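Participant: So that we are looking at the same thing, I have put the structure below in structure tokens.
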Amino acid sequence: MSKKGIETLVGFFVLLGIAALVFLALKAANLGSFSNGETYSVFAKFDNIGGLKVRSPVRSAGVTVGRVASIALDAKTYQGVVKLDMQQGVQFPKDSSARILTSGLLGDQYIGLEAGGDEKNLAAGDTITQTQSAVVLETLISQFLFNKAADAGSASASAPAPAAPGAKK
């Protein structure tokens, strides 16, 4: 093979490698889907959104049915307001619930939707009222430690003091 042919082949593999890196970067940033399909927006209010990010998936039964469009703070209730862009072909009942879930133990967070049983469906601009905030690992650990400290303090207060050595019983 000639020198020019080898250089062309090496250049092709370099371009292929760069394309693979761009693809991985887009997947890691949740920008891998280039779908410009029709969507409608619904809102959900959470007390704590944890590490939820814009472009995080909205899933129902493990299937991605939308994306988080924006996250803001409601100045009156001090809750996180999450705008969800839902695929037009997927409709959920008005009494559906939304929870912030985690992929794996320490993975990315996403919104899980659970369909309700109402006859009417969510329309553009509606708000999902039944929500469950993110479980924050630091809060769970601090509650566990606080409860253990409280249990240890109450156990030592209720236990009789040990007798001094040499004291009569």
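The values are calculated or read from the model by the stated rules, or taken from the named source; none is laboratory data. Quantities reported herein were computed from a predicted structural model and do not represent experimental measurements. Backbone-built Cβ (ideal geometry, glycine too); neighbour counts: all protein chains shown. Keep in mind that these areas ignore ligands, DNA and RNA; they rest on the heavy atoms of the full protein, side chains included. Shrake-Rupley method; radii C 1.70, N 1.55, O 1.52, S 1.80 Å.
Participant: Once Lys and Arg get +1 and Asp and Glu get -1 on their Cβ, which of Ser154, Ala20, Val136 lies farthest toward the positive end of the dipole of the chain?
Facilitator: Of the options given, the answer is Ser154.
Participant: Same structure again: Considering Cα pairs under 8 angstrom that are at least six residues apart, work out the relative contact order of the range 1-133 and quote it in whole percent.
Facilitator: That works out to 27 percent.
Participant: Keeping every protein chain present and rolling a 1.4 Å probe, give me the accessible area per residue for the range 1-84 in Å².
Facilitator: So the range 1-84 comes to 68 Å² accessible per residue, rounded to a whole number.
Participant: Provide the per-residue ³J(HN,Hα) series for the range 38-53, in order, calculated from phi with Karplus coefficients 6.51, -1.76, 1.60 and θ = phi - 60°, each as a whole number of Hz, with x at glycine and proline positions.
Facilitator: Along the range 38-53, the couplings run 5, 9, 10, 9, 10, 10, 9, 10, 10, 6, 8, 8, x, x, 4, 10 Hz.
Participant: Mind checking the dipole of the chain: about its Cα centre, +1 per Lys or Arg Cβ, -1 per Asp or Glu Cβ, Debye to the nearest 20?
Facilitator: In total the dipole reaches around 600 debye.
Participant: Please give the helix 137-158 orientation as an angle from the longest Cα principal axis of the chain, in degrees from 0 to 90, rounded to the nearest 10.
Facilitator: Value to nearest ten degrees: 10.
Participant: Can you compute the radius of gyration and Dmax for the chain, using only the Cα atoms, both in Å?
Facilitator: Cα only, the chain: 26.6, 103 Å (Rg, Dmax).
Participant: Out of residues 5 or more away from Thr131 or on other chains, whose amide H comes under 5 Å of its own, with H placed 1.01 Å from N in the peptide plane?
Facilitator: Ala98
Participant: How do 10-19, 124-133 rank on mean C-beta neighbours within 10 Å, highest first?
Facilitator: 124-133, 10-19
Participant: Can you pull the accessible area of Lys53 for me, 1.4 Å probe, Å² to the nearest 10?
Facilitator: 120
Participant: I would also like to ask the following. Let me have the 222 nm mean residue ellipticity of the chain computed from DSSP H runs of 4+ only, each contributing -39500 (n - 2.57), with the sum over all residues rounded to the nearest 500.
Facilitator: -10000 deg cm²/dmol
Participant: State to the nearest 20 debye the size of the charge dipole of the range 68-129 about its Cα centre, where the only charges are +1 on K and R beta carbons and -1 on D and E beta carbons.
Facilitator: 140
Participant: Report the accessible area of Tyr110, computed with a 1.4 Å probe over the heavy atoms of all protein chains in place, in Å² rounded to the nearest 10.
Facilitator: The accessible area comes out at roughly 40 Å².
Participant: So if R0 is 41 Å, what FRET efficiency would Thr127 and Phe12 give, r being the distance between their Cβ atoms, rounded to the nearest 0.05?
Facilitator: It comes out at approximately 0.20.
Participant: Angle, helix 3-28 long axis vs. longest principal axis of the chain, Cα atoms, 0 to 90°, nearest 10?
Facilitator: 40
Participant: Which aspartates and glutamates have a Cα less than 12 Å from the Cα of Lys45, not counting those fewer than 8 places away in the same chain?
Facilitator: Within reach: Asp74, Asp126.
Participant: Further question: For an R0 of 45 angstrom, estimate the FRET efficiency from the Cβ-Cβ distance between Asp151 and Lys4 and round to the nearest 0.05. Before the final figure, lay out each step's value.
Facilitator: Details: r = 77 Å, r/R0 = 1.72.
Efficiency, from the Cβ-Cβ distance: 0.05.
Participant: So which of Lys53/Lys76; Lys4/Lys27; Lys27/Lys83; Lys76/Lys148 end up more than 28 Å apart, counting from Cα to Cα?
Facilitator: Over 28 Å Cα-Cα: Lys4/Lys27; Lys76/Lys148.
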